[in-house]
Structure formats: C-alpha cells, structure tokens
Amino acid sequence: MDKKTILAVVGLAGAGKTETTEYLIKKTNWPKVYFGGVVMDEVAKRGLEVNEANERLVREELRATHGMAAMAILSIPKIKELFAASSVILESMYSWEEYLVLKEAFGEDFKVLAIFSSSKTRTARMINRPIRPLTPELLQSRDYSQIENLHQAGPIARADWTIINEGSKEDLYKNLDEIIKELA
C-alpha cells in the first residue's frame with residue numbers, strides 16, 4: 001500500500017467497531033492507536049486502581065483541561081510517530097471535536113469509516129456480548145449519552161465510507177476488503 005492513511009473506525013455500541021478494527025489490523029498489519037489508552041495511561045501514571053470510577057474521573061479531568069477533543073489532542077504525537085512509517089488505525093474516536101482536530105492536523109490523510117447497525121441488531125449483539133453486556137435500556141441510555149454529550153453522530157455522518165453491518169461477519173469482511181482495496 002503506497003498511500004498512507006489515518007483511518008478512524010466509528011459507530012455506536014454494538015455496530016461492529018471492534019470486529020472491524022481487529023480485521024483491518026489482521027489484513028493490513030497497520031498499527032492501532034486506542035484513544036482510551038490516553039485515559040488508561042493517566043490512570044496508571046497516577047497510581048489509581050483501574051476501574052470505571054477512576055477511568056471516568058480521569059476522562060472528565062482530561063476533557064475539562066483539553067476540551068472535548070482531549071483524546072485526539074493527546075494522541076497526535078503517537079499518531080504522527082506511527083504515521084511516519086505506516087498507515088494507522090484509530091480506535092475509539094468519538095467526538096465531533098476530535099474529528100475536527102484530526103482533520104486539521106492530517107487533512108486528506110485522515111479518513112473515517114463508519115460502521116452502522118440498526119438499534120434492533122445492536123441490541124441483540126449487546127445482550128449477548130461476553131464482556132460488558134448491555135440491556136436494551138442501558139444501550140439506549142448509552143446511545144443518547146454518546147450522541148448528546150460526546151457529539152458522536154458528527155463523525156458518523158461525515159464518514160468517508162459507511163458499512164451497513166446487519167449480516168454475517170463474512171459480509172462485513174467482504175465490505176472491508178473493498179475498502180482496503182480502495183486504500184491500496
């Protein structure tokens with residue numbers, strides 16, 4: 001792959017972002033920058049126990065200090081370092097503000113892939129998810145919170161590609177293979 005790309009994978013909970021990211025890494029061997037890693041690194045740096053309360057505390061403090069684009073701002077040095085040698089996958093970019101910061105920093109090299117699934121499909125997936133399953137009520141609450149508080153709909157709406165992920169993993173992979181070809 002000659003042209004390098006910074007590819008953010010976005011979507012609501014249960015849409016298939018993790019499956020997409022894992023497949024892209026396997027097929028392309030591109031490194032990944034996990035925006036949540038900024039929070040986890042800061043939790044460790046402070047010597048705090050890793051739990052939801054401490055993660056939320058640190059996440060909110062980082063956003064209070066750096067704004068809604070905090071995770072992108074704090075990840076840019078790592079993205080630039082990796083991008084010097086390879087395309088890069090971004091996991092857990094959520095906010096419109098993060099999108100704007102990354103678009104300004106990387107211009108046309110920054111692309112977004114939205115994974116979309118209906119509420120019905122995502123609910124079925126989240127109920128059965130082995131790690132951190134969500135009830136339909138909790139999923140709806142999370143959706144509303146992420147759309148209203150994180151402005152997550154903006155990056156999804158502005159995506160360079162959108163995959164409708166209502167079928168099998170094989171269907172998802174076939175669609176991802178087409179995007180990989182475009183990026184080659």
Item to check | Criterion: in contact with a Phe, Trp or Tyr (Cβ under 6 Å, 6 or more places away or on another chain), closer than 16 Å to residue 21 by Cβ, in contact (Cβ under 8 Å) with a residue 12 or more places away in the chain and not acidic (Asp, Glu) - qualifying residue of 79, 89 | outcome: 89
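Conditions (1) of a type outside the set (A, V, I, L, M, F, W, C); (2) in contact with a Gly (Cβ under 6 Å, 6 or more places away or on another chain); (3) closer than 15 Å to residue 160 by Cβ, marked per residue:
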{"residue": "87", "(1), (2), (3)": "yes, no, yes"}
{"residue": "91", "(1), (2), (3)": "yes, no, no"}
{"residue": "101", "(1), (2), (3)": "no, no, no"}
{"residue": "111", "(1), (2), (3)": "yes, no, yes"}
{"residue": "123", "(1), (2), (3)": "yes, no, no"}
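Checking the condition aliphatic (A, V, I, L, M), touching a residue at least 24 places away in the same chain (Cβ under 8 Å) and in contact with a helix residue (DSSP H, G or I) (Cβ under 7 Å, 6 or more places away or on another chain), which residue from 163, 179 passes? Talk me through it step by step, then tell me what you get.
Numbers: 179 fails: in contact with a helix residue (DSSP H, G or I) (Cβ under 7 Å, 6 or more places away or on another chain).
Within the list 163, 179, the selection yields 163.
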Next on the checklist: So residue 12 passes all but one of these: (1) part of a helix (DSSP H, G or I); (2) under 26 Å from residue 144 (Cβ atoms); (3) in contact (Cβ under 8 Å) with a residue 12 or more places away in the chain; (4) touching a helix residue (DSSP H, G or I) at 6+ places or on another chain (Cβ under 8 Å). Which condition number does it fail?
Outcome noted: (1)
Item to check | Residues located in segment 20-49, provided they are buried (at least 17 other Cβ atoms within 10 Å of the Cβ) and either over 20 Å from the mean Cα position of the chain (by Cα) or assigned to a helix (DSSP H, G or I) (or both) | outcome: 20, 21, 23, 24, 28, 38, 39, 42, 43
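The rows are residues; the columns are (1) loosely packed, with under 13 Cβ neighbours inside 10 Å; (2) of a type in the set (Ser, Thr, Tyr); (3) closer than 30 Å to residue 110 by Cα.
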| site | (1), (2), (3) |
| --- | --- |
| 128 | yes, no, no |
| 135 | yes, yes, no |
| 138 | no, no, no |
| 145 | yes, yes, yes |
| 148 | yes, no, yes |
| 151 | no, no, yes |
| 154 | no, no, yes |
| 158 | no, no, yes |
| 163 | no, no, yes |
Item to check | Filter result for the condition that a residue is surrounded by fewer than 19 Cβ atoms within 10 Å (Cβ to Cβ) and within 24 Å of residue 15 (Cα to Cα), over 91, 104, 60, 52 | outcome: 52
Next on the checklist: Residue pairs, Cβ under 7 Å, 6 or more apart or interchain, first in segment 139-156 and closer than 18 Å to residue 127 by Cα and modelled with pLDDT of 90 or more, second among the β-branched types (Val, Ile, Thr) and buried (at least 18 other Cβ atoms within 10 Å of the Cβ). List them.
Outcome noted: 139/123
Checklist entry - Do we find that residue 17 is among the basic types (Lys, Arg) and surrounded by 14 or more Cβ atoms within 10 Å (Cβ to Cβ) in this structure? => result yes
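The values are calculated or read from the model by the stated rules, or taken from the named source; none is laboratory data. A quick note: this is a predicted structure, and the numbers were derived from the prediction, not measured. Cβ sites come from the backbone with ideal geometry, for glycine too, and all protein chains shown count toward neighbours.
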